[in-house]
Amino acid sequence: MNRVSTRRQLLVTALAATIPAAPLALQAPASISVTTRPFRIYCITFRGMTDVEKGFGDYLASRRIPVELIYRDIDRDMTRVPTLLEEIRAARPDLIYTWGTSVTLGVVGPYDSPTPDRYINDIPVLFTLVAAPVLAKIVRDPKSPRRNVSGVTHVGSTEAQMRAMAQYRPFDTLGILYTSTEANSVAVTSDIRRLGRANRFQTVERSFRLDRQRKPVADGAAEMVQEIRDAGAQWLYLPPDTYLGTLAERVIVPAAMEVGLPTFASTEQLMQAGALSGLVSRYYNVGQFTAHRAERIHVPGALGSVPAGINDAGQIVGWFSDATGTHGFLLSGGNFTTIDVPGAALGTQALGINVTGQIVGVFTDASSVPHGFRLSGGTFNTIDVPAAMGHNTVAHGINAGGQIVGTFVDANGMEHGFVAAP
């Protein structure tokens, strides 16, 4: 159980680590050649090297993983990202590491982007230090991302943070100071407004002023803290915000202390700046866990791999691409098993696995039509929703009772969800 205190709390969440499963017997795995060159990871940071990168590198070194880390820093300037995307397309690394929400969105774009070709969609991307990947539209569902993205978040749920504050000191008015150009803090602030409506508390919000280049400036920051206090706030919430982190220790926290406004930190950096309390993760441990994810999602010999589900025993299902196409995989006990649905002329993707070892996903036939599938006891069953009428059916997950959830596209091109009984 998390406690509210001035001690740093570790709360790290792996986005794909939510679907439980158990061991199962599959047909013999297809042979996968093991590459002899180092695992090449292209790393994009937002504000230089942090303890996250130290933890990331130390973990890989401790595991004796041959790796080539290619670091690029944008120094808080998102206009540098398009040039890096060109370099990535030319270099074709095995994995892309992205630090923070803004960088991640700059690399993969939102999932509903009308111009997906602007972004990287054919190389696995592993993000770290993203506070709200669903709210930021990086993934639709952390249990089944359905794109080339997975990662690690460093912030407890907004709801958990609100509860923690209320347990320490009840409130009906919450102050928030954030940067309007940082996707992380904008997404979290939006979620707090939603929780305020549901739980009957109000927010008093101030955002840092921007210069002509739309970069935040410190002018008036201390005065904003005073305004928040004067408006009746009983807490000043410090969201996951890079620019806020640069001002917290020398401006924001002292200003809050001067007017008697307690501060609640969402990140280790803000906790170290002197916040009264917080529910936070250690950056070094976040980096270690991100490296653990990098180690586990890379299929040897694959051109690219994407995890989709993981069970309590650490078994992972997903898909990878090689010279022959796209294949599903099961990673269990350090061993990869290839999953190819018969008739999957254009690829197989494993998306979910339940406690009895049944796997579900999607495969595409020779006519480019996607079908759902279930793999149980070594036997494949095709899943097609009748209303799909030959269009897209995808099985995303399966529960312990064998109920399958997924999506399909009807004859009018509209997407719908479905639940199928065993």
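Go through (1) modelled with pLDDT of 85 or more; (2) closer than 28 Å to residue 158 by Cβ for residue 329 and report which single condition fails.
(2)
Kindly evaluate residue 181 against the criterion of being within 21 Å of residue 246 (Cα to Cα), at pLDDT below 90 and either of a type in the set (Lys, Arg) or out of contact with any Asp or Glu (no Cβ under 8 Å at 6 or more places or on another chain) (or both).
For residue 181, the condition - within 21 Å of residue 246 (Cα to Cα), at pLDDT below 90 and either of a type in the set (Lys, Arg) or out of contact with any Asp or Glu (no Cβ under 8 Å at 6 or more places or on another chain) (or both) - is not met.
Please enumerate the residues belonging to segment 355-369 that are surrounded by fewer than 23 Cβ atoms within 10 Å (Cβ to Cβ) and in contact with a strand residue (DSSP E or B) (Cβ under 6 Å, 6 or more places away or on another chain). Break it down stepwise before answering.
Going through segment 355-369, the residues surrounded by fewer than 23 Cβ atoms within 10 Å (Cβ to Cβ) turn out to be 355-358, 364-369.
358, 364, listed by residue number.
What's the number of the condition residue 235 fails, among (1) among the hydrophobic types (A, V, I, L, M, F, W, C); (2) touching a helix residue (DSSP H, G or I) at 6+ places or on another chain (Cβ under 9 Å); (3) free of Cβ contacts under 8 Å to residues at least 60 places away in the same chain?
(3)
List pairs: first in segment 191-207 and modelled with pLDDT under 95, second hydroxyl-bearing (Ser, Thr, Tyr) and in a helix (DSSP H, G or I), Cβ under 8 Å, 6+ apart or cross-chain?
Matching pairs, first to second residue: 191/158.
The values are calculated or read from the model by the stated rules, or taken from the named source; none is laboratory data. Predicted model only: the values in this text are computed from it and were never measured. For neighbour counting, all protein chains shown are included, and Cβ atoms are generated from backbone atoms with ideal geometry for every residue, glycine included.
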